[in-house]
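Only one structure is covered here, and it is reproduced in the block below.
The values are calculated or read from the model by the stated rules, or taken from the named source; none is laboratory data. Fair warning: this is a prediction, and the values are worked out from it, not measured in the lab. With ideal geometry, Cβ positions are generated from the backbone for all residues, glycine too; neighbour counts draw on all protein chains shown.
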Amino acid sequence: MNPVTFFEESKLKPFHLVLIFWLFIILMFEGYDVVIYGATIPFLKEEWGISDIAAGSIGSYTTIGTAIGAVVFGLYSDRFGRKRIIIFTTLIFSVFTMLSGFAPNALLFTICRVIAGLGFGGAMPTIASLISEYAPLKYRAAIISFIFCGYSVGAMGASFIGRALLPEFGWQPIYWIGAIPLLFIPILLKVLPESTVYLLQKKQHAQIAATAEKIEPGVATNLHYSYQQPAKGQKSPVRALFQKRFAVTTIMFWLSCFCTFILMYSLNTWLPTLMMQAGYNLSSSLMFIAVLQLGSIVGTLTLSTLIQKAGFKNVLMPLYLVGAVALTLIGFSTNLYVAYVLIFLIGAATLGLQNMSNAFVAAYYPAEVRSVALGSTMAFGRIGSILAPTYVAVLLTMDLQPQYNFIAIGIAAIFGMIAMFFINDKHADYAEEELETIPTKIVKA
């Protein structure tokens, strides 16, 4: 049996649970590190005297670093291995989030955030790619979606910690907490497995056997080591994404991710400010971040189960529509509890939707191009995250009524739904009727 097939057909074991736990923890701290900026904007504006446009620009510059990280680390994960990339990117965003808390001015703060962004961008798609190799095929979509809930848990933590520490201690300690993952690096070096595809290509069969033995003792003797090498003319994995059967779908994945990232980063960066503009105080506005993340977690966990029965598109397309409607209504709400319900739905339809979209991309493409598919999709999506903070900052300078700001953000959900409609399910890797693969030649070990 080929190792790739073995891992896909394996049962859920303690090995998987340990791997899921630590990847969840990494994304939890990434979510915390990303969202704390939105929570601290009012304090940064007061301390450094920066405008809404400048604050939005810092958010945009950070996501430029994130986009670069998604592209660079997505491409180089096949060369250096996913494990190394995950640990290196975790190191980057942890160190430079901590250093952001020591920045004496907006310029140095922005530089630290941009470099941290490189780590943010590289970690997420590489984690999705690694777990998609080891997760049993039956549970893959649910596992990937669950791991990405870690991001939302961290973002909730940013809200609660912000409420507890910001009024008393200021913004700096909020960023120092971002250094905690540095304590986990020795553990990650020990427990994270390397990519099976990478190990096959490098003929490091002993490592594959050791990992397989953790799942099923004695199975290593039954493994037949082979790897798929792209045929001549198909060496670029990016080019493979634009083969005839993938071309339209790849573009649609990119566009839907772009729209979702506009939604996510508009809210991650500006939700407290938008809600304060709508008449809520700082404490309530920070609580809205927690409710947003709670919605994403509950939405991801519940709807991932529904996806197993109904399919990705049949769940994600209506979810975009729910997000557009909820964003339209939130600007008109004057009741705190109605606002909480709407923000909860928006969380499911933005952050939660992106969690499930990541699982969609991972399930759609074959293993040979899965990493670059995830990396390129999220890199293109990051263009939306670059534009979103400044886009909302411009809206704020126009002194519009709060409802118009939310409607302007919600338009992205309609375009995301349209893009999702044009994704062609019949060419997906999981489709039983579609057995065609990227042209390859089998090279025996």
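I'd like the full set of residues that are buried (at least 24 other Cβ atoms within 10 Å of the Cβ) and either modelled with pLDDT under 85 or of a type in the set (Val, Ile, Thr) (or both), limited to the range 386-413.
Across the range 386-413, the qualifying residues are VAL392, ILE409.
Report yes if LEU241 is buried (at least 21 other Cβ atoms within 10 Å of the Cβ), of a type in the set (A, V, I, L, M, F, W, C), more than 24 Å from ILE58 (Cα to Cα) and at pLDDT 85 or above, otherwise no.
On the way: buried (at least 21 other Cβ atoms within 10 Å of the Cβ): yes; of a type in the set (A, V, I, L, M, F, W, C): yes; more than 24 Å from ILE58 (Cα to Cα): yes; at pLDDT 85 or above: no.
Taking the combined requirement at face value, the residue does not satisfy it.
Inside the range 329-362, can you point out the residues that are over 18 Å from PHE261 (Cα atoms), of a type in the set (Ser, Thr, Tyr), in contact (Cβ under 8 Å) with a residue 24 or more places away in the chain and assigned to a helix (DSSP H, G or I)?
TYR340
Please state which one of PHE160, PHE120, PHE148, PHE80 is at pLDDT 90 or above and of a type outside the set (A, V, I, L, M).
Details: PHE160 fails: at pLDDT 90 or above; PHE148 fails: at pLDDT 90 or above; PHE80 fails: at pLDDT 90 or above.
Result: PHE120 is the single residue among PHE160, PHE120, PHE148, PHE80 that is at pLDDT 90 or above and of a type outside the set (A, V, I, L, M).
Inspect the range 53-60 for any residue being surrounded by fewer than 17 Cβ atoms within 10 Å (Cβ to Cβ), in contact with a helix residue (DSSP H, G or I) (Cβ under 6 Å, 6 or more places away or on another chain) and at pLDDT 85 or above and give the result as yes or no.
Scanning the range 53-60, I find at least one residue that is surrounded by fewer than 17 Cβ atoms within 10 Å (Cβ to Cβ), in contact with a helix residue (DSSP H, G or I) (Cβ under 6 Å, 6 or more places away or on another chain) and at pLDDT 85 or above, so the answer is yes.
Condition check ((1) in a loop (DSSP other than H, G, I, E, B); (2) at pLDDT 85 or above; (3) under 21 Å from THR328 (Cβ atoms)) across all residues:
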residue	(1), (2), (3)
GLU213	no, yes, no
HIS224	yes, no, no
GLN228	no, no, no
THR249	no, yes, no
MET264	no, yes, yes
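Within the range 1-38, work out how many residues are in a loop (DSSP other than H, G, I, E, B) and surrounded by 20 or more Cβ atoms within 10 Å (Cβ to Cβ). Lay out the reasoning, then the answer.
If we filter the range 1-38 for residues that are in a loop (DSSP other than H, G, I, E, B), which is where we start, we get 1-2, 10-13.
Then drop every residue that is not surrounded by 20 or more Cβ atoms within 10 Å (Cβ to Cβ), which leaves none.
Selection size over the range 1-38: 0.
Starting from the range 13-32, take each residue that is under 18 Å from SER195 (Cα atoms) and modelled with pLDDT of 95 or more and list its partners that are of a type in the set (S, T, N, Q) and buried (at least 18 other Cβ atoms within 10 Å of the Cβ), counting only C-beta distances under 9 angstrom and pairs at least six apart or across chains.
Listed pairs, sorted by first residue: ILE26/THR89; ILE26/THR90.
Give the range 41-69 a look and list any residue that's in a helix (DSSP H, G or I), farther than 23 Å from ILE383 by Cα and either among the aliphatic types (A, V, I, L, M) or touching a residue at least 24 places away in the same chain (Cβ under 8 Å) (or both), or say none. Steps first, answer last, please.
Filtering the range 41-69 down to residues in a helix (DSSP H, G or I) leaves 41-48, 52-69.
Filter once more, so that each one left must be farther than 23 Å from ILE383 by Cα: 42-48.
Answer for the range 41-69, where residues must be in a helix (DSSP H, G or I), farther than 23 Å from ILE383 by Cα and either among the aliphatic types (A, V, I, L, M) or touching a residue at least 24 places away in the same chain (Cβ under 8 Å) (or both): PRO42, PHE43, LEU44, GLU47, TRP48.
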